[in-house]
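Structure record follows, encoded as structure tokens.
The values are calculated or read from the model by the stated rules, or taken from the named source; none is laboratory data. Just so you know, these numbers come straight off a predicted model, no measurement behind them. Positions of Cβ are generated from backbone atoms using ideal geometry, with glycine treated the same way; all protein chains shown enter the neighbour counts. Note: areas computed on protein heavy atoms with side chains; ligands, DNA, RNA excluded. Shrake-Rupley method; radii C 1.70, N 1.55, O 1.52, S 1.80 Å.
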Amino acid sequence: MSVSIAGIGIHPFGRTDGVSGMQQGVIAVRAALRDAGLTWDDVDFAAGGSEAAGNPDTMVSALGLTGIPFINVKNGCATGGSALTIAAAAIESGQAEVAVAVGFDKHPRGAFNEDPARWGLPEWYGRTGMMLTTQFFAMKIQRYMHDHGISDAALAKVAVKAFENGALNENAWRRAPLSEAEVAGSRMINHPLTQYMYCSPGEGAVALVLRRTPEGASSREVKLASVAFRTRRFGSFEVFSPHLAAERVDGPTVDAALACFEAAGIEPGDVDLAQVQDTESGAGDHAHGGDWALCAR
């Protein structure tokens, strides 16, 4: 790809009383523009998403009424990746030289418990409790543990790793490391996942400034080698799926990663650092309808 990440902006995650999710998104965009040495007037295109905090395109009332196309994205856990995919495609296609991708949210407390009708699902699916994401994730990891011999202790280790990383990140919400015993001994939510094995719905924002990779680009810019997005195939059991096929296939996470590696011209063994979204200890990534991946240099 001929796209680079020129600037990054973050509003810290957690709970920020008195600041709306959209305001946090504006803060992240302005920080990303400063990081890139650009202004909102330089931006040709934007894409953004939020699950619970409003329509991102209305951010223009705070950022500037320049008339640029701003596409709203709503795709569950894959919303941020979808916004990035769209913004990168706008540059690759020649529609824009500079684009912004932004995601923000301000979730209410407690587990996600959606209305089945919003996702095109029958009412009975909600009555079984499957719209409660904590329950679905627990059922999915139980099957995976059975098929692959994964232990409860392994789930605790995943959470410990996440808390250790959070302690090193000033933008993280949970910044206190926990031991395996503390994770395993916390309140059971849905077996085998305990309270500290789940992420907490919170709030925060991230924005990226993308631009066409210039000749002689500075070493501080990150070249976006590829971005890929995939939806589930028949036989893949994902969240908000009302059936389980007899045959089993890899999930969209695997498909997106393979497509990303192929487009970037690299192999998994060439990767020095991998960052994976985990809604809970049992998940590499769960998305409502699809998963995405990016490779950067």
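With every protein chain in place and a 1.4 angstrom probe, the accessible-area ranking of Phe104, Phe237, Phe13, largest first, reads Phe13, Phe237, Phe104. If I stretch the segment between Ala117 and Thr39 completely, what's the gain in nm (0.36 nm per residue apart, minus their alpha carbon distance), one decimal? Here the answer is 24.0 nm. Of the residues His146, His11, ranked by 1.4 Å probe accessible area with the largest first, the sequence reads His146, His11. Computed with every protein chain present, the accessible area of Val160 is close to 20 Å² [probe 1.4 Å]. Residues of the stretch 101-126 falling in the label zone of Ser20, defined by backbone nitrogen less than 19 Å from a point 7 Å along Cα to beta-carbon, are 102-109.
With the charge dipole of the chain set up from +1 on Lys and Arg Cβ and -1 on Asp and Glu Cβ about the Cα centre, the Cα lying farthest toward the positive end among the listed residues Ile71, Asn55, Ile86 is that of Asn55.
Of the accessible area of the stretch 37-148, computed with a 1.4 Å probe over protein heavy atoms only, carbon and sulfur atoms account for 53 percent. With the Cα gyration tensor of the stretch 50-132 giving a ≥ b ≥ c as the square roots of its eigenvalues, does the rule (a/c under 1.5 for rounded; else a/b larger than b/c for prolate; else oblate) give rounded, prolate or oblate? Prolate, since a/c reaches 1.5 and a/b exceeds b/c. Candidate cross-link partners of Lys157 among the lysines, defined by an alpha-carbon separation under 19 Å and a same-chain spacing of 8 or more, comprise Lys140. In the context of the full set of protein chains, residues of the chain present 50 Å² of accessible surface per residue (probe radius 1.4 Å, heavy atoms only). Arg15 contributes an accessible area of around 70 Å² to the protein surface, as traced by a 1.4 Å probe with all chains present. Most tightly packed first, judged by the mean number of other beta-carbon atoms within 10 Å of their residues, the peptides 136-143, 36-43, 244-251 read 136-143, 36-43, 244-251. For the stretch 168-239, the list of GluC sites (Glu not before Pro) that fall in a loop by DSSP and count at most 13 other C-beta atoms within 10 angstrom reads Glu170, Glu215. The structure-derived value of Rg and Dmax of the Cα atoms in Å appears in the list (i) 19.6, 58; (ii) 18.8, 59; (iii) 25.9, 88 under the label (i). Only aspartates and glutamates eight or more places from Lys106 in sequence, or on another chain, were considered; those with a Cα closer than 18 Å are Asp17, Glu51, Asp57, Glu114, Glu203.
What's the center-to-center distance, using Cα atoms, between the stretch 1-54 and the stretch 193-268 in Å? Value for the Cα centre distance between the two parts: 20 Å.
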